[in-house]
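Q: This structure is in structure tokens; I'll ask about it shortly.
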Amino acid sequence: MTKPANSTETRRLWAALPDDLAPLLRPEIPSLANQILTEIQRQIPEYARPLDRNYVYAIRRGIEEALGRFVERIADPATPLRRCAEVHRALGKAEMREGRSLDSLQAAYRIGARLAWRRVANLSERVRIAPRTTLLLGEAIFAHIDELTTLSVEGYAAAQARAAGTIARRRRRLLELLVSEPQAPARTVEDAASTAQWKLPGQVTVAALEQYERTDPSTTTPLAQWNALVDLECAEPHVLVPSDHGEPDRIDWAAELAGWRVVLGSPVPLHRADKSLRWCRSLMGLIRSGAWPDRRVNHCHEDLSSILLLQDEHLVRELARRRLSPLTELRPKQRARLAATLLSWLQTRGGAPEVAQRLRVHPQTVRYRLRQLDELFGQDLHDPEVRFDMEIALRASNMLTGDDGTGTEWPGG
């Protein structure tokens with residue numbers, strides 16, 4: 001495991017080296033730097049860019065800084081690594097920007113360490129440096145390379161985090177464009193998708209989200225493997241998933257979004273994502289109010305007509321007051337029985353036997369109730385437009401009141 005530059009062991013290693021070695025090693029730097037650069041470019045094709053002066057300069061500067069700081073630390077173990085650290089962090093960042101792993105850079109460090117050790121060994125023979133001092137120099141070389149490798153890893157990680165943050169911001173902006181009403185112009189969306197490195201699909205599925213339970217923060221973005229656009233930080237969190245190949249059916253939504261209530265839309269063309277999210281948010285509002293059962297993962301397309309009916313609770317109550325007012329004077333239980341009979345009759349338009357079968361009561365009971373309804377509503381029962389309003393009001397009222405109509409807050413009251 002690599003030790004930090006200021007570890008006690010590292011400080012002792014530099015302090016153990018005689019400072020009179022520095023004048024012996026300093027003249028070797030120019031030729032050794034050239035040798036290392038040539039060998040790196042020979043062995044690592046990615047670094048063989050003779051026409052790219054900036055790139056060659058960056059590599060050479062990294063080599064020269066590494067060799068220069070090594071000698072300076074022998075002369076003075078307290079020599080700060082600030083400038084050298086900046087150079088080698090920059091090398092790590094450059095590898096990230098080039099789209100490579102750190103394998104090539106680490107191979108370059110190994111080449112440099114090997115050639116530096118060979119040069120020190122030859123120098124030791126020429127000027128008769130003590131064997132123990134030579135061994136300490138070898139150990140110092142590899143400790144120095146370990147520190148530089150750590151610095152390049154830090155730079156690489158910082159560039160990675162910055163790039164991920166930039167892409168994440170761009171993708172949140174793209175998501176905002178796709179679900180805003182009205183949707184942004186096609187060219188604006190295409191440009192945003194390009195900068196966010198996200199291929200625009202033909203079909204998408206959107207989902208409205210609401211957190212109901214705190215979970216341990218994840219190090220990965222939910223639905224990342226499905227190339228989803230996700231915004232969990234806005235006032236009304238939501239996601240958008242490409243759906244050209246049936247992706248939503250293969251996703252374990254409860255596992256991917258643990259601790260979140262999910263309202264899923266059905267796959268729609270990309271240009272209708274804004275509409276689909278509006279429907280999902282409408283259903284989320286109904287769940288929040290208790291007018292709709294919460295199944296944690298809810299599917300908006302399963303009962304679109306009911307969602308439509310409940311879009312405006314005040315409108316539902318006004319319709320019920322206008323069309324169902326004859327029921328309001330009845331006792332709650334009687335009102336519930338007649339409301340259920342009326343709805344079944346409106347839905348079936350059949351005789352007493354069909355209604356009785358749906359209600360699981362005797363046909364004669366239904367006939368009695370139908371006579372009561374005829375007395376209460378009269379000719380309204382034979383007006384198609386009024387019957388349509390009645391059915392809407394009854395269906396919506398049942399959902400608002402828990403399906404029995406016996407409460408004192410019955411919408412028709």
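The values are calculated or read from the model by the stated rules, or taken from the named source; none is laboratory data. Source: prediction; values computed, not measured. Here Cβ is always computed from backbone atoms with ideal geometry, including for glycine, and neighbour counts include all displayed protein chains.
For every residue, the table says whether it meets (1) hydrophobic (A, V, I, L, M, F, W, C); (2) surrounded by fewer than 18 Cβ atoms within 10 Å (Cβ to Cβ); (3) out of contact with any Leu (no Cβ under 7 Å at 6 or more places or on another chain).
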position	(1), (2), (3)
V263	yes, no, no
V268	yes, no, yes
L277	yes, no, yes
L283	yes, no, yes
L286	yes, no, no
G290	no, yes, yes
D294	no, yes, yes
N298	no, no, no
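Q: Taking strands (runs of 3 or more DSSP E) that fall entirely within the range 161-264, which contain at least 3 residues that are more than 26 Å from M96 (Cα to Cα), assigned by TED's automatic domain parsing to the domain that holds E302 and modelled with pLDDT of 90 or more?
A: Details: elements: 203-211, 229-231, 238-242, 260-264.
The qualifying strands (runs of 3 or more DSSP E) are 203-211, 238-242, 260-264.
Q: Can you name the number of the only condition in (1) out of contact with any Pro (no Cβ under 7 Å at 6 or more places or on another chain); (2) surrounded by 13 or more Cβ atoms within 10 Å (Cβ to Cβ); (3) not hydrophobic (A, V, I, L, M, F, W, C) that G246 fails?
A: Of (1) out of contact with any Pro (no Cβ under 7 Å at 6 or more places or on another chain); (2) surrounded by 13 or more Cβ atoms within 10 Å (Cβ to Cβ); (3) not hydrophobic (A, V, I, L, M, F, W, C), only one is false for G246: (2).
Q: Checking I29 against (1) of a type in the set (A, V, I, L, M); (2) touching a Leu at 6+ places or on another chain (Cβ under 6 Å); (3) within 20 Å of T150 (Cα to Cα), which single condition isn't satisfied?
A: (3)
Q: Filter the range 300-320 down to the residues that are hydrophobic (A, V, I, L, M, F, W, C) and either closer than 19 Å to A207 by Cβ or in contact (Cβ under 8 Å) with a residue 60 or more places away in the chain (or both), then identify the one that is surrounded by the most Cβ atoms within 10 Å (Cβ to Cβ). Even if it seems obvious, please write down each step before you answer.
A: Within the range 300-320, the first condition is being hydrophobic (A, V, I, L, M, F, W, C), and the residues that meet it are 300, 304, 307-310, 315-316, 319-320.
From what's left, either closer than 19 Å to A207 by Cβ or in contact (Cβ under 8 Å) with a residue 60 or more places away in the chain (or both): 300, 304, 307, 309-310, 316, 319-320.
Details: C300: 22, L304: 12, I307: 19, L309: 21, L310: 21, V316: 22, L319: 21, A320: 25.
Among those residues, the one meeting the criterion is A320.
Q: Do we find that E125 is farther than 30 Å from E98 by Cα, in contact with a Leu (Cβ under 9 Å, 6 or more places away or on another chain) and not basic (K, R) in this structure?
A: Working: farther than 30 Å from E98 by Cα: yes; in contact with a Leu (Cβ under 9 Å, 6 or more places away or on another chain): no; not basic (K, R): yes.
Considered against the rule, which asks whether it is farther than 30 Å from E98 by Cα, in contact with a Leu (Cβ under 9 Å, 6 or more places away or on another chain) and not basic (K, R), E125 comes out as no.
Q: I've got another one for you. Against the condition in a helix (DSSP H, G or I) and at pLDDT 80 or above, how does L346 come out, does it pass? Please lay out each step first, then the result.
A: On the way: in a helix (DSSP H, G or I): yes; at pLDDT 80 or above: yes.
So L346 fits the description; yes.
Q: Can you report the number of residues in the range 285-299 which are touching a residue at least 24 places away in the same chain (Cβ under 8 Å) and basic (K, R)?
A: The total comes to 2.
Q: State all residues of the range 277-327 that are out of contact with any helix residue (DSSP H, G or I) (no Cβ under 7 Å at 6 or more places or on another chain) and over 30 Å from L177 (Cα atoms); if no residue qualifies, say none.
A: Within the range 277-327, G290, P293, H314, L315, R317, E318, R321, R322, S325 meet the criteria.
Q: Follow-up. Is it true that some residue in the range 279-287 is polar (S, T, N, Q), under 30 Å from L209 (Cα atoms) and in contact with a Gly (Cβ under 7 Å, 6 or more places away or on another chain)?
A: First pass over the range 279-287, keeping only residues polar (S, T, N, Q): 282.
Narrowing the set further to residues that are under 30 Å from L209 (Cα atoms) leaves 282.
Right, trim to in contact with a Gly (Cβ under 7 Å, 6 or more places away or on another chain) and you get none.
Checking the range 279-287: not a single residue is polar (S, T, N, Q), under 30 Å from L209 (Cα atoms) and in contact with a Gly (Cβ under 7 Å, 6 or more places away or on another chain).
Q: How many of the residues making up the range 105-132 are of a type outside the set (A, V, I, L, M, F, W, C) and touching a helix residue (DSSP H, G or I) at 6+ places or on another chain (Cβ under 7 Å)? Don't jump to the end; show me each part of the working.
A: Step one: list which residues in the range 105-132 are of a type outside the set (A, V, I, L, M, F, W, C), which gives 106, 109-110, 112, 114, 118-119, 122, 124-126, 128, 131-132.
Checking which are touching a helix residue (DSSP H, G or I) at 6+ places or on another chain (Cβ under 7 Å) leaves us with 106, 109, 112, 119, 124.
Count: 5.
Q: Continuing with the same structure: Answer with yes or no whether L21 is assigned by TED's automatic domain parsing to the domain that holds A143, surrounded by 13 or more Cβ atoms within 10 Å (Cβ to Cβ) and within 27 Å of P131 (Cβ to Cβ).
A: Working: assigned by TED's automatic domain parsing to the domain that holds A143: yes; surrounded by 13 or more Cβ atoms within 10 Å (Cβ to Cβ): yes; within 27 Å of P131 (Cβ to Cβ): yes.
For L21, the condition - assigned by TED's automatic domain parsing to the domain that holds A143, surrounded by 13 or more Cβ atoms within 10 Å (Cβ to Cβ) and within 27 Å of P131 (Cβ to Cβ) - is met.
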